[in-house]
Amino acid sequence: MTGENKVDKHDGEPLNGLSRREFVALSMAGLAAAASSASGTDLPVIETDVDFKTSDGTCDAVFIHPTKGSHPGVLVWHDSPGLRPVIRALGKRIAGEGYSTLVPNLFYRAARAPVFDASFDYANNPADREKYRRTVASFLAPGAAERDAAAYVAFLDAQRQVDKKRKIGTHGYCLGGPYILRTAAASPDRVGAGASFHGGFLVTDKPDSPHLLAPRIRARLYFAIASDDDQREPEVKNKLKEAFAAANVRAEIEVYPNALHGWCVPDSSAADNKADAERAWGKLVALYKLEL
């Protein structure tokens with residue numbers, strides 16, 4: 001973006017004479033200002049069910065884009081319940097802001113969407129818990145999500161409705177939250193922005209923890225953390241901040257003190273917090289307007 005301070009990835013320090021702290025403060029102030037003036041565009045869109053090949057099989061997905069022109073691509077990583085009407089609606093909403101949006105079924109190796117029906121009860125039904133474990137196992141296998149991310153970016157770049165001269169954005173909910181980091185690290189020259197909403201497993205004690213990918217990331221990032229997630233794992237936000245500061249990644253990590261896990265997804269039990277959901281949505285739109 002013209003006039004914005006950039007990070008020099010070679011010497012590890014911000015350009016234009018700014019200290020790291022000044023650079024981060026200025027960067028976050030820009031995002032906050034943009035969020036307060038997010039456009040609320042609602043362009044007419046076309047929603048199409050698509051199938052395409054990945055290195056592991058055939059992925060079913062929905063591709064949603066404005067009716068006219070080419071636009072920056074956006075990749076959405078859904079939450080644990082899978083690709084279903086409310087997730088499609090979130091994809092349609094961001095497409096209406098002026099983005100050509102891919103929402104894949106992350107569990108395509110196990111079944112086509114919708115994978116879980118309305119009667120699915122993870123909390124109280126042991127059979128459903130076992131079904132969930134079997135369903136997500138192949139998605140969680142080492143390297144699977146990285147291969148998927150490459151296929152998803154390639155799909156977007158093959159569509160005439162995607163402006164390939166502009167960066168791609170990616171955002172994820174819950175289970176999908178950490179995969180914005182894996183996508184940004186796998187395609188640093190294509191991914192310009194990423195956002196995680198009540199994402200899980202962002203920081204683990206494993207050598208492939210998503211936060212350790214920070215040195216490979218060039219995108220600008222936003223993390224919206226639920227209050228109960230923060231209470232359970234208060235160290236996550238601090239380790240994210242440390243990793244991004246060390247790698248000079250532009251990132252904002254925000255704990256929503258009145259929001260519970262899942263509040264950004266309309267069919268969640270925490271979705272009655274509409275004010276915070278709209279504020280988080282405004283941050284997403286602002287991030288994409290600034291960086292894509």
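The values are calculated or read from the model by the stated rules, or taken from the named source; none is laboratory data. Model, not experiment: these values are computed from the prediction. Glycine also receives a Cβ, built like all others from the backbone with ideal geometry; neighbour counts cover every protein chain displayed. The accessibility values were calculated without ligands, DNA or RNA, using every heavy atom of the protein model including side chains. Shrake-Rupley method; radii C 1.70, N 1.55, O 1.52, S 1.80 Å.
Brief remarks on what is shown
- Just one of (1) over 13 Å from the mean Cα position of the chain (by Cα); (2) open to solvent by 20 Å² or more (accessible area, probe 1.4 Å) fails for ARG182. It is (1).
- Here the condition is being surrounded by fewer than 24 Cβ atoms within 10 Å (Cβ to Cβ), at pLDDT 95 or above and closer than 20 Å to TRP281 by Cα; of SER196, SER227, it holds for SER227 alone.
- Positions within the range 233-242 being basic (Lys, Arg) and closer than 18 Å to LYS206 by Cβ, in sequence order: LYS239
- Taking the criterion of being without any contact (Cβ under 8 Å) to a residue 40 or more places away in the chain, of a type in the set (Ser, Thr, Tyr) and in a strand (DSSP E or B), the only residue of the range 168-211 that qualifies is SER196.
- Residues of the range 248-272 satisfying the condition of being under 20 Å from SER80 (Cβ atoms) and open to solvent by less than 20 Å² (accessible area, probe 1.4 Å): TYR256, ALA259, GLY262, TRP263, CYS264, VAL265, ALA270, ALA271
- The set of residues in the range 154-167 that are assigned to a helix (DSSP H, G or I) and out of contact with any Gly (no Cβ under 8 Å at 6 or more places or on another chain) comprises ALA154, PHE155.
- Checking GLU97 against (1) among the acidic types (Asp, Glu); (2) modelled with pLDDT of 95 or more; (3) over 21 Å from ALA224 (Cα atoms), the condition it does not meet: (3)
- Only one of the listed residues (ALA275, ALA245, ALA280) is open to solvent by 30 Å² or more (accessible area, probe 1.4 Å), in a helix (DSSP H, G or I), at pLDDT 95 or above and within 21 Å of LEU202 (Cα to Cα). That residue is ALA245.
- Failed item in (1) surrounded by fewer than 24 Cβ atoms within 10 Å (Cβ to Cβ); (2) in contact with a Phe, Trp or Tyr (Cβ under 9 Å, 6 or more places away or on another chain); (3) under 17 Å from VAL74 (Cα atoms), with ASP157 passing the rest: (2)
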